[in-house]
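Student: Dropping a structure here in structure tokens format, bear with me for questions.
The values are calculated or read from the model by the stated rules, or taken from the named source; none is laboratory data. Just so you know, these numbers come straight off a predicted model, no measurement behind them. In this analysis, Cβ positions are derived from the backbone assuming ideal geometry, glycine residues included, and neighbour counts consider all displayed protein chains.
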Amino acid sequence: MIIAIQNTIGAIRNNAVASANLKFEFSVNTAESGTSNDDQFTLTVGSGTFLYDLTTTDGHSETGLTGNHTITFSSSGVYSISISGQFPAFKFNNGNDGEKMVTLDNFGVYGGGSTSQDNAFRGCNNMTLNATDSGNFGSASDFQKFMFTGNITGVSFPLIDTSSATRFDNAFRQTRIANFPANLFDDCTATNFANAFLDTILSQQSIDNILVSLDAAGQSNGTFYQSGGSAPSSVGIAAETNLTNKGWTITRTS
Amino acid sequence: MTIKNPTKTTYFICRNEAMEIKSYGSVDSTQVMVTGQPHVKTYIREQLWLNELSKNGIDIIN
């Protein structure tokens, strides 16, 4: 009986491991403008220690990479790239090959060992965010300009770990993502959300979620900014009142 | 203090009791700003706002 139960637990565990996609997956269009040739894509990495392997849909397989790396494909086109190992952060920084990013499909190992996500996806103006997983953001403190772009689109931003985050200024500026989850900022100590949601399309539920989460985090004297999108409901406004009572300055859609 | 749907874009600087700058920004006709800071100065001319921020070591990067 005990052995049967242990086997069942083991099977459940194995299934859980098997179902979690730990690969960092995204696709690129090498024909878009960038610093590499039109049959290439350059991974421009941020800070941290890197040791990663990658595979691509046209059969490339490279191992033991430790930093920036340029992939040369057989011809110009759209390719998917899958990364395993340690990959703390991109840093396209509003240039490099950011405009070649077409989709971000799964965070997987992305973010592991990262302390900074500053300017990570800034300038990925052609990118659609499809990832629904939480990645590995638990050690990242700096999210300034994380996804600041002219046009990152997507249905929803996933619930990531922000417990080490200290700043989000300009983090989601000009993104085209309507839905942000509840509890996203509950555990973070960040108070700098200046221009974080400037020119965005937040739904009412999202701005409610954000304000309620910031209130739950319990920080004082912060700055929050939203323009575009929806105004909060009475739920969000109640959280906003709590925040201003703690010295916050909130600028948002009315 | 609240600035709600100003007819012209309004720039502001919020300071605490010790007159330290705690927040700054702008509000346009589609927005509202509410703050729990006790001192708020508003500006209609952006350059005057930028000058005041600059004097306090804050440079705005767009």
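Student: With modelled with pLDDT under 95, over 22 Å from the mean Cα position of the chain (by Cα) and hydroxyl-bearing (S, T, Y) as the only criterion, which of A:S74, A:S36 stands out? Steps first, answer last, please.
Tutor: Numbers: A:S36 fails: modelled with pLDDT under 95.
Selected residue: A:S74, the only one of A:S74, A:S36 that is modelled with pLDDT under 95, over 22 Å from the mean Cα position of the chain (by Cα) and hydroxyl-bearing (S, T, Y).
Student: Just the residues that are within 16 Å of A:R176 (Cβ to Cβ), away from chain B (no Cβ under 11 Å) and without any contact (Cβ under 8 Å) to a residue 40 or more places away in the chain, please, taken from the range A:203-229. Break it down stepwise before answering.
Tutor: So in the range A:203-229, the residues within 16 Å of A:R176 (Cβ to Cβ) come out as A:203, A:206-207, A:226-229.
Going one step further and asking which of them are away from chain B (no Cβ under 11 Å), we end up with A:203, A:206-207.
Across the range A:203-229, the qualifying residues are A:S203, A:S206.
Student: Hey, another quick one. Does A:T162 fit the bill of being within 22 Å of A:S116 (Cβ to Cβ), at pLDDT 95 or above and in contact with an Asp or Glu (Cβ under 7 Å, 6 or more places away or on another chain)? Working first, answer last.
Tutor: Values: within 22 Å of A:S116 (Cβ to Cβ): yes; at pLDDT 95 or above: yes; in contact with an Asp or Glu (Cβ under 7 Å, 6 or more places away or on another chain): yes.
Judged against the criteria, A:T162 is a match.
Student: If we keep just the residues of the range B:1-23 that are at the interface with chain A (Cβ under 8 Å from one of its Cβ atoms) and in contact (Cβ under 8 Å) with a residue 24 or more places away in the chain, which is nearest to A:F224 (Cα to Cα)? So that I can check it myself, show each step before the final result.
Tutor: The first filter runs over the range B:1-23 and keeps only residues at the interface with chain A (Cβ under 8 Å from one of its Cβ atoms), leaving B:4-5, B:14, B:16, B:22-23.
Applying the additional criterion that residues be in contact (Cβ under 8 Å) with a residue 24 or more places away in the chain yields B:4-5, B:14.
Numbers: B:K4: 16, B:N5: 17, B:C14: 13 Å.
Only one residue fits best here, namely B:C14.
Student: Working only within the range A:230-254, note down all residues that are surrounded by fewer than 20 Cβ atoms within 10 Å (Cβ to Cβ), within 25 Å of the chain's Cα centre (by Cα) and more than 7 Å from chain B (Cβ to nearest Cβ).
Tutor: A:S230, A:A231
Student: Looking only at the range A:193-226, which residues are under 26 Å from A:S141 (Cβ atoms) and small (G, A, S)?
Tutor: A:A194, A:A196, A:S206, A:S213, A:A216, A:A217, A:G218, A:S220, A:G222 - these are the residues of the range A:193-226 that are under 26 Å from A:S141 (Cβ atoms) and small (G, A, S).
Student: On to the next question. So, in the range A:33-53, how many residues would count as being touching a strand residue (DSSP E or B) at 6+ places or on another chain (Cβ under 8 Å) and closer than 20 Å to A:E99 by Cβ?
Tutor: The qualifying residues number 12.
Student: Then there is this: From (1) modelled with pLDDT under 95; (2) loosely packed, with under 14 Cβ neighbours inside 10 Å, pick out the condition that doesn't hold for A:N21.
Tutor: Only one criterion is unmet by A:N21, namely (2).
Student: Moving to a separate point now. Between residues in the range B:28-41 that are more than 7 Å from chain A (Cβ to nearest Cβ) and residues that are crowded, with 18+ Cβ neighbours inside 10 Å and among the aliphatic types (A, V, I, L, M), which pairs lie under 7 Å by C-beta distance while being six or more apart or on different chains?
Tutor: Short answer, once both residue conditions are applied: B:K41/B:I13.
Student: Given the conditions (1) over 16 Å from A:C188 (Cβ atoms); (2) touching a residue at least 40 places away in the same chain (Cβ under 8 Å); (3) of a type outside the set (A, V, I, L, M), report the number of the one that A:F143 does not fulfil.
Tutor: (1)
Student: Return yes when A:F168 is touching a residue at least 12 places away in the same chain (Cβ under 8 Å), buried (at least 21 other Cβ atoms within 10 Å of the Cβ) and at the interface with chain B (Cβ under 10 Å from one of its Cβ atoms) and no when it is not.
Tutor: Details: touching a residue at least 12 places away in the same chain (Cβ under 8 Å): yes; buried (at least 21 other Cβ atoms within 10 Å of the Cβ): yes; at the interface with chain B (Cβ under 10 Å from one of its Cβ atoms): no.
Judged against the criteria, A:F168 is not a match.
Student: Checking A:G77 against (1) on the phi > 0 side of the Ramachandran plot; (2) touching a Gly at 6+ places or on another chain (Cβ under 8 Å), only one condition comes out false. Which one?
Tutor: The single condition A:G77 does not satisfy is (2).
Student: Listed residues A:F146, A:F193, A:F197; which is buried (at least 22 other Cβ atoms within 10 Å of the Cβ), modelled with pLDDT of 95 or more and assigned by TED's automatic domain parsing to the domain that holds A:G46? Break it down into steps so the answer makes sense when it comes.
Tutor: Numbers: A:F193 fails: assigned by TED's automatic domain parsing to the domain that holds A:G46; A:F197 fails: assigned by TED's automatic domain parsing to the domain that holds A:G46.
Exactly one of A:F146, A:F193, A:F197 is buried (at least 22 other Cβ atoms within 10 Å of the Cβ), modelled with pLDDT of 95 or more and assigned by TED's automatic domain parsing to the domain that holds A:G46, namely A:F146.
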